[in-house]
Amino acid sequence: MGRALLLNATFEPLCVVPMRRAVVLVLMDKAEIIARNGGELHSERATLPIPAVIRLVHFVRVPFRNRVPLSRRAVFARDRHRCQYCNHNAENIDHVVPRSRGGEHTWDNVVASCRACNARKEDRLPQECGLSLRRRPRAPHASLWLIATVGSIDPLWEPYLPNGDKPSDHNGDHHHDHAVVA
Ligand SMILES: [Zn+2]
């Protein structure tokens, strides 16, 4: 039956909900339809446009820290399955500062990495083995969490998703191209 993007009252994306839940929120006047996908739902009493995007009538506070849980899947989504050292296909998760050296399992210390870079790095810092990060790892915006959770994005949702997470190919800080991987 599909899913709908749920926005906070502030239009900030919150999560993706099953269609049944979206319809209930609308019928209970807890949410309003912001974008529809063109179809209609029929019940005995009413006809309702199928919602693609709904918005909560009342603001819900979401603790910032809880927005994007750190998971392997979410890291791969943030880093677009690219090794953050050499841009090849990523297969591993790498701690920039190794855990054995006090590195934390946090968004700013975890990157997607190819097997070769991961193996080359071992328990060293990137600069100790001639690797450099293509961009500074950061906690992704909520939209990345949506992608990681849902797997694909309805084009109707796109106007409501922030697009500040697109990886820059012109990252001014790092113009080292490919690290040579033996
Ligand atoms: Zn690599």
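The values are calculated or read from the model by the stated rules, or taken from the named source; none is laboratory data. Values in this document were obtained by computation on a predicted structure and should not be read as measured data. Here the Cβ positions follow ideal geometry from the backbone for every residue, glycine too, while neighbour counts run over all protein chains shown.
Numbers below:
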{"read-out": "Output for the range 65-99, where each listed residue is charged (D, E, K, R), on the phi < 0 side of the Ramachandran plot and under 16 Å from the mean Cα position of the chain (by Cα)", "value": "Arg65, Arg67, Arg72, Arg73, Arg78, Asp79, Arg82"}
{"read-out": "Some residue of the range 93-102 being of a type in the set (Val, Ile, Thr), over 17 Å from Cys15 (Cα atoms), more than 16 Å from the ligand (Cβ to nearest atom) and without any contact (Cβ under 8 Å) to a residue 40 or more places away in the chain", "value": "yes"}
{"read-out": "Residue in the range 101-117 that is nearest to Tyr85 (Cα to Cα), counting only those that are among the polar types (S, T, N, Q) and modelled with pLDDT of 95 or more", "value": "Ser113"}
{"read-out": "The range 112-132 - residue that is near the ligand (Cβ under 9 Å from one of its atoms) and polar (S, T, N, Q) and, of those, farthest from the chain's Cα centre (by Cα)", "value": "Asn118"}
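Here is a yes/no grid of residues against (1) under 17 Å from Ala9 (Cα atoms); (2) away from the ligand (no atom under 16 Å from the Cβ):
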{"site": "Ala31", "(1), (2)": "yes, yes"}
{"site": "Arg36", "(1), (2)": "no, yes"}
{"site": "His42", "(1), (2)": "no, yes"}
{"site": "Pro49", "(1), (2)": "no, yes"}
{"site": "Ala52", "(1), (2)": "yes, yes"}
{"site": "Arg61", "(1), (2)": "yes, yes"}
{"site": "Asp79", "(1), (2)": "no, no"}
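Residue-by-condition table, conditions (1) surrounded by fewer than 16 Cβ atoms within 10 Å (Cβ to Cβ); (2) at pLDDT below 90; (3) out of contact with any helix residue (DSSP H, G or I) (no Cβ under 9 Å at 6 or more places or on another chain):
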site: Ile33; (1), (2), (3): no, no, no
site: His42; (1), (2), (3): yes, yes, yes
site: Val62; (1), (2), (3): yes, yes, no
site: Pro69; (1), (2), (3): yes, yes, no
